[in-house]
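Just below is one structure, and these are the notes that go with it.
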Amino acid sequence: MKLLTKSVFAACVLAVGFSTSALRAEDSAPKEKPAKKQGGGPGADRLHQLKEQLGLTEAQVGQIKAIMEDQKAALGALREKKLEEKEARAEMKKIREAAQAKIRAVLTPEQQAKFDALPKPEHKGPPGGPKGEDKQ
């Protein structure tokens, strides 16, 4: 009888141990990130940051969104041209500077001062990625 009691007790302890470790594994599983609003992406994040940091009106948000979409389209068209890296970088810089100037024109003088003080977004590599290197 003692052996049967010990066996049942051991089985219960093992069952509880396994179930709690399974629950812990479930809790530590990575949580899904909340879905972004439609039209998300880096441009949407940047627009949201500008809206908060500069106190943009809805009209300004609409104008800046259009400027950012034009910039994105121009950069996409530039990628299609398959230019040399140096030339592509120069063209990308022109496109970004033109977009920044257009955004500044939409802002009030107070917003312009804040905009000028903001860190500029980082831009990674030439269009189409680095040449002669395998990405891994």
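Would you confirm whether or not region 32-45 contains a residue that is more than 20 Å from the chain's Cα centre (by Cα), assigned to a helix (DSSP H, G or I), at pLDDT below 95 and closer than 17 Å to PRO121 by Cα? Please lay out each step first, then the result.
Step one: filter region 32-45 for residues more than 20 Å from the chain's Cα centre (by Cα), giving none.
Scanning region 32-45, I find no residue that is more than 20 Å from the chain's Cα centre (by Cα), assigned to a helix (DSSP H, G or I), at pLDDT below 95 and closer than 17 Å to PRO121 by Cα, so the answer is no.
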Fill in the blank from the handout: Selection from region 79-136 of residues under 22 Å from GLN53 (Cβ atoms) and at pLDDT below 90 yields LEU118, PRO119, LYS120, PRO121, GLU122, HIS123
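Search region 69-107 for residues being closer than 21 Å to LEU56 by Cβ and in contact with a Gly (Cβ under 9 Å, 6 or more places away or on another chain), and hand back the single one that is surrounded by the most Cβ atoms within 10 Å (Cβ to Cβ). Lay out the reasoning, then the answer.
At the first step, the residues of region 69-107 found to be closer than 21 Å to LEU56 by Cβ are 69-72, 96-107.
Add one more test, that the residue is in contact with a Gly (Cβ under 9 Å, 6 or more places away or on another chain), and what stays is 69, 71-72.
On the way: GLU69: 12, GLN71: 19, LYS72: 15.
Of everything passing the filter in region 69-107, GLN71 is surrounded by the most Cβ atoms within 10 Å (Cβ to Cβ).
The values are calculated or read from the model by the stated rules, or taken from the named source; none is laboratory data. Just so we're clear, the structure is a prediction, and the values are computed from it rather than from any experiment. Backbone-built Cβ (ideal geometry, glycine too); neighbour counts: all protein chains shown.
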